[in-house]
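Everything below concerns the one structure shown next.
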Amino acid sequence: MNNVICSTLIVAAAGALLAGCAQTPPPAQALPPGPTPAEVIDYATAQAQYRAAQASGNGDVVTHAESTFWGISQEILSRQDPRLVDAWEVCERYRVASPHNQRDVRSTFEPQFVRDCENIDLRYDAATGAIRRDLDARVAGADRAIIAQAAFGRP
């Protein structure tokens with residue numbers, strides 16, 4: 001019995017020692033709250049596709065580009081204000097789950113919740129609109145820089 005206890009203690013001590021010596025992985029680096037270079041490139045690509053699709057009348061590509069605009073702006077906003085995005089998603093789920101076009105059906109949700117969702121929608125739309133304007137400005141600035149380089153004969 002004494003041997004079993006001693007062996008157990010030795011194994012436990014060795015396990016604790018190994019656990020203490022094991023290196024923990026470095027923490028994941030958080031993305032910056034603004035757009036990443038890859039997001040700006042994706043946004044610029046979607047802009048070019050959107051313009052070409054509108055000129056050619058290709059509705060599928062227009063829809064895909066609009067989805068890209070929406071997705072990029074929502075991703076950036078989720079880093080800047082995750083609570084707003086979470087609240088907006090709750091309101092979206094309510095709208096999907098609520099009864100549509102049914103007579104004599106009263107909402108089980110308080111009118112205050114509905115007003116809160118309207119306020120959240122306004123804040124969400126304003127925030128994503130500001131993000132899109134920022135992305136538009138970044139893409140336009142990059143375009144102007146490329147044109148300026150070409151005008152001076154720089155590669």
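The values are calculated or read from the model by the stated rules, or taken from the named source; none is laboratory data. Please read these numbers as outputs of a predicted model, since none were measured by experiment. To get the accessible areas, we keep the full protein, side chains included, count just its heavy atoms, and leave off ligands, DNA and RNA. Shrake-Rupley method; radii C 1.70, N 1.55, O 1.52, S 1.80 Å.
Indicate the gyration tensor shape class of the stretch 44-100 (rounded, prolate or oblate), computed on the Cα atoms with a ≥ b ≥ c the square roots of the eigenvalues: a/c under 1.5 is rounded; otherwise a/b larger than b/c is prolate and the rest oblate.
Oblate.
Can you give me the solvent accessible area of ARG138 with a 1.4 Å probe, rounded to the nearest 10 Å²?
Accessible area of ARG138: about 110 Å².
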